[in-house]
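To start, the structure under review is shown below, and the notes come after it.
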Amino acid sequence: MRNTPVAADPVSLTDDAAADDSAPGDTGPLLQVDGLRTGFRSSEGTAWAVDDVSFQLEQGRTLGIVGESGSGKTMLARSIMGLLPRANIECSGQVLFRGLRLDQMQPSELRRIWGTEMSMVFQDPMTSLNPVVRVGRQITEVLRAHRRMTRSAADDAAVELMRSVRIPEPERRAREYPHQLSGGMRQRIGIAIALACGPRLLIADEPTTALDVTVQSQILDLLQQQQSERFMAMILVTHDLGVVAGRADDIAVMYAGQIVEQGPARSVFRTPRMPYTDALLRSIPRVDDPSHTRLAAIAGRPPALLDRPPGCRFAPRCPSAQDRCRQDAPPLVGGVDPGHRYRCWFPLGAEAEQAGPPGNAHDTVSGRVPMPSATT
Amino acid sequence: MAGSGTAHLREDALLRVQDLVVEFPSAGGRTVHAVSGVSFDVQEGETLGIVGESGCGKSTTGWAVMQLRRPTSGSVVFEGEELTSLRGQDLRRVRPRLQMIFQDPVSSLNPRRRIGDIVVEALRIWRRGNAAGQTEKVWEVLAAVGLDPDSVVSRRRHQFSGGQCQRISIARALVLDPKLVICDEPVSALDVSVQAQILNLLEDMKARYRLTLVFIAHDLAVVKNISDRVMVMYLGKVCEVGPAEAVYARPAHHYTSALLSAIPVADPGHERQPVPLVEGQLPSPIAPPSGCRFRTRCPAAQSRCSEEEPQVREVSSGHFTACHYPPIDPDVAAAVPQSAGKAR
């Protein structure tokens, strides 16, 4: 894609991110996803990997999308980017980015937006980089294609970018191949490529899953620092609640293709309303707990794509499920905390909500809500 | 970390590993020093967690204990028997008491065989009981790991999820009533909700079958949850060994402190500390640093660290570190003779 000549830009989106405040859509949210559905066509019908997902993302904010494998989080990220193959994929709903319908764009139009307006950091930096091209060249490629830079200007810019993602000795490293770098350094290159043209939106799909824990924290710190320096919006997709805690402004928890709970990070973590979120938080072993603490495992496993239960999709595993949960699908509704929404007929802490102001009442030291109805 | 020494070994251990060295040949006649003089022991009924980042030699250590990868030198004594000198039939005779569970539950099961055949195979090889007795044992272990034996035995691995495959691997390891089970990253390929199920299951199996576990993993919280004692490794060396609570509450090695501060905590109110590590690449196990192997990334390294390899020494009861300048109360450090670890 990067070698395709870029035609004159009708919307002039590509230039300096700080400029053109008057561009369409700058009044609304940067990214607005409405009723997005993405499915695979199969002989047994369409398997909806992403099923009716809606959310908004403002400039400069970070959204953490959390879910286990098969929850649809990666499909959601790729649907937003328009990175899915057209064959055998069915898509509906809207993806509005600065007022532009990304879901209706042709590949040639998307190509002008990829890199310059929105870009992506992938999970495995070994396979997302080209193994036979020097890493410096992989950065300059983007700059030369989108920014029409001269070779020497692009070389300088690439070294500067590598310095900003804190790669030591960037001049020397730029001439190396991906296999000569460690996993953490490769992911820094991946981030440098994604940041090269100053995108407004960065989607990072499991950016640290392949990395060691000390490297993971360095990479997450780097992403966070770049995000705030550049005032980018960021979507951080992960299976690890620990990765997004304290790094995302808002959290969306996915289960079986749907967002089952979303809201401000503190509110979702401190007072989860959907039993799945609560169970997920409880199933994580914590270093502060004594050894041999019994973990609150969630019984069973997520439903198969083509065999989702009617009603609430978590109901078969939910400790507090009732008849209604097994029959009617709960909508995503709001509670008392602004912006906090969940899919549950019998949300946790409902009694407390009626009794008095929520939030403070639940704000226990451990960060957990006492949950009388759903523990065992 | 960097260090060597055997001051931390105890008398009455079920498994005793001493000065274990595993080296691999590499291109150009060079040598990969994967494990360099590691010593540890495990008492009966205990769970030892081995934790460290990729390339620290923790998995190689597990494989070398099993003699699946023959150690270059050193000794592995299991139930009083020196495994490194055993060959052929003699080694096979020990294996039923020494089992292993692997990281990738799916690829460690033969895709073409039925689950029942996979689990019963060891019993057939060892001619344990008659056919009826073998079937009964298979049914028992499959039920014990939380599967429905009747519906499972005739199916093949592709019909199961990762968590279920790991349950089958556990059943396979348990069918011969082993004493010691080495678990090599058994939950790192699983989702958190399934990970919790498998960790709980391992605890249950340990109690039910009176197992002794060596649990190898990179996730510090997981290791703490399951272990009685924890050993931290870095670049083929032992950094720190001790009771899980002590190692996590009062780390006596700078590498352990760095690992602990890097753990992602699922609480937005948690105050993250900067990870106290000198930035840079992990040194290569082909040419490890002199002296303490951790010194190139250690925030407290001094000149002595490059000259002299630290020996394992005790900082509190049962808690040992291999560091010249451990990050603990200086009074405690002063009370510990520097030569404590060198005597043996």
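The values are calculated or read from the model by the stated rules, or taken from the named source; none is laboratory data. Remember, it's a predicted structure, so these values are computed and weren't measured experimentally. Ideal geometry is used to build each Cβ from the backbone, glycine not excepted, and the neighbour counts take in all protein chains shown.
So that you can scan it fast, the table gives a plain yes or no per residue for (1) outside any helix (DSSP H, G or I); (2) modelled with pLDDT under 95:
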residue	(1), (2)
B:PHE24	yes, yes
B:SER54	yes, yes
B:THR61	no, no
B:PRO71	yes, no
B:VAL77	yes, no
B:GLN89	no, yes
B:ARG93	no, yes
| Of these, B:VAL241, B:VAL222, B:VAL247, which one is at the interface with another protein chain (Cβ under 9 Å from one of its Cβ atoms), touching a residue at least 24 places away in the same chain (Cβ under 8 Å), under 20 Å from the mean Cα position of the chain (by Cα) and crowded, with 24+ Cβ neighbours inside 10 Å? | B:VAL222
| task | Could you please let me know if B:LEU199 is facing chain A (nearest Cβ under 9 Å), assigned to a helix (DSSP H, G or I) and at pLDDT 95 or above? | result | yes
| query | Of all the residues that make up the range A:280-303, how many are more than 7 Å from chain B (Cβ to nearest Cβ) and under 18 Å from A:VAL253 (Cα atoms)? | reply | 3
| note | Checked against (1) crowded, with 24+ Cβ neighbours inside 10 Å; (2) outside any loop (DSSP other than H, G, I, E, B); (3) at the interface with chain B (Cβ under 10 Å from one of its Cβ atoms), A:ALA248 satisfies every condition except (2)
| Selection count, the range A:280-315, where residues are part of a helix (DSSP H, G or I) and touching a Lys or Arg at 6+ places or on another chain (Cβ under 8 Å) | 3
| query | Looking at the range A:223-255, which of its residues are modelled with pLDDT under 95 and farther than 22 Å from A:GLU58 by Cβ? | reply | A:HIS239, A:ASP240, A:LEU241, A:GLY242
| task | From A:MET254, A:MET234, grab the single residue that is under 30 Å from A:GLY335 (Cβ atoms), touching a residue at least 40 places away in the same chain (Cβ under 8 Å) and not assigned by TED's automatic domain parsing to the domain that holds A:MET126. | result | A:MET254
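Sort out for me the strands (runs of 3 or more DSSP E) sitting completely within the range A:30-96 that have 1 or more residues that are more than 14 Å from the chain's Cα centre (by Cα).
By residue number, A:31-42, A:45-57.
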| remark: Counting only residues in the range B:203-214 that are away from chain A (no Cβ under 11 Å) and closer than 17 Å to B:MET100 by Cβ, the one surrounded by the fewest Cβ atoms within 10 Å (Cβ to Cβ) is identified as B:TYR209
| Between a first residue in the range B:255-271 that is at the interface with another protein chain (Cβ under 7 Å from one of its Cβ atoms) and a second residue that is among the polar types (S, T, N, Q), which pairs have beta carbons less than 8 Å apart while being 6 or more apart in sequence or on different chains? | B:ALA258/A:THR214; B:LEU259/A:THR214; B:ALA262/A:THR214; B:ALA262/A:GLN216; B:ALA262/A:SER217; B:PRO264/A:GLN216; B:PRO264/A:SER217
